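Data block below; observations after.
All of the numbers you see were taken from the coordinates with simple rules; none came from a lab. Quick caveat: nothing in here was measured; it's all calculated off a predicted structure. Virtual Cβ from ideal backbone geometry, glycine too; neighbours counted across all protein chains shown.
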Amino acid sequence: MGKNRQFLSKHVRNEVGNFVEPEGEQFLVQLVRSRGGNTMECESSDGSASLYWLPSKFSKVIWAQRGDFLIVEPDNSNSAAEAGGKDSKVTGTIVHILFPDQVAHLRKLPCWPEGFSKESKKSEEATLDAS
């Protein structure tokens with residue numbers, strides 16, 4: 001692993017433990033499945049599914065699984081179009097992958113969308129109890 005990659009992964013790992021909240025246009029989604037090539041299919045709180053791009057800074061440092069919650073930013077620039085071509089179906093970029101303790105913290109705040117079911121909360125609490 002080169003020096004630049006070591007610095008980047010160290011920076012991402014240090015960022016992971018912090019409690020984050022969506023800022024500006026950012027919002028929460030739940031991961032449905034990976035579509036390959038750093039593209040993730042996610043579902044928003046209103047039930048609509050969209051594709052989001054996972055930046056390479058997360059590659060081989062943090063993994064996202066089905067059911068994980070993510071903070072995404074809608075893409076107003078051309079970076080998604082460059083990543084997937086002009087007719088890209090990618091609608092934004094993943095900013096943070098949330099861990100169970102971060103999700104529990106966000107659930108207590110008013111920024112948590114009501115559209116996410118309590119069933120996902122129960123499954124999340126079961127994973128917290130298991131670890």
Using each residue's phi in the range 33-50, evaluate 6.51 cos²θ - 1.76 cosθ + 1.60 at θ = phi - 60° and report the 3J(HN,Hα) Karplus result to the nearest Hz, with x for Gly and Pro. 6, 8, 9, x, x, 6, 10, 10, 8, 10, 10, 8, 5, 8, x, 7, 9, 9
Calculate one ³J(HN,Hα) per residue across the range 98-115 by plugging θ = phi - 60° into the Karplus curve 6.51 cos²θ - 1.76 cosθ + 1.60, and present them in order as whole Hz with x for glycine and proline. 8, 8, x, 5, 5, 5, 4, 5, 5, 4, 7, 9, x, 6, 6, x, 6, x
For Cys111 and Phe19, calculate 0.36 nm times their separation in residues minus their Cα-Cα distance, and state this gained length in nm to one decimal. 31.8 nm
Roughly how many nanometres apart are two label points built 7 Å out from the Cα toward the Cβ at Glu41 and Lys89? 0.8 nm
Can you give me the distance in nm between label points at Val32 and Ser59, each placed 7 Å from the Cα along the Cα-to-Cβ direction? 2.5 nm
How would you classify the range 37-78 from its alpha-carbon gyration tensor, with a ≥ b ≥ c the square roots of the eigenvalues: rounded for a/c under 1.5, else prolate if a/b is greater than b/c, otherwise oblate? oblate
Long-range amide H partners of Thr93 with built H, under 5 Å: Trp53, Glu73, Asp75
